[in-house]
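Data block below; observations after.
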Amino acid sequence: MQRFEEALATERAACIAAEEAAAADTKRQEMEQLQRQLVDAQNMVASLRVVNKELQTEVDKLQSQIPSMEVAYENLKGSFFRLQSMYGSVKSKLSTATDEVARLRAELRAGRSQEQ
């Protein structure tokens, strides 16, 4: 009977050891997976830092161009208003000239009618 109990205890100990070994293997696999995920995340962070630096460089470059673009905008705005004013003047002169041409044509027709 004592041998039976010893065999049973040995079998239980072996089962417990097997369960512990399986649990340890599962934990090891989980740790390996977590380690891979950590390495992937670190690589992603490094890559994002490079992209961020490139974007910051581009932002700095564009921000440095803002003052000259503001000056160019003001110059264009001034040119626009000058051209708009010139257009109004030319349009008025064209209207006057068109009216004068119509008047002269009418006079010419009237003169031709009187000659006949």
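The values are calculated or read from the model by the stated rules, or taken from the named source; none is laboratory data. Worth saying up front: this structure is predicted, and the values here are computed from it rather than measured. For accessibility, only protein heavy atoms count, side chains too; no ligands or nucleic acids. Shrake-Rupley method; radii C 1.70, N 1.55, O 1.52, S 1.80 Å.
Taking all protein chains into account, the per residue accessible area for the chain stands at 93 Å² (1.4 Å probe).
Across the alpha-carbon set of the chain, the Rg to Rh ratio works out to 1.88, Rh being the Kirkwood radius. When nucleic acids and ligands are ignored and a 1.4 Å probe is applied, Thr98 ends up with an accessible area of around 80 Å².
Helix 2-115 and the longest principal axis of the Cα set of the chain meet at an angle near 0°. The ellipsoid that matches the Cα gyration tensor of segment 58-106 has semi-axes, each √(5λ) in whole angstrom, of 46, 7, 4, with the longest given first. Listed by chain and number, the lysines whose alpha-carbon sits under 30 Å from that of Lys27, ignoring those within fewer than 8 places in the same chain, form an empty set.
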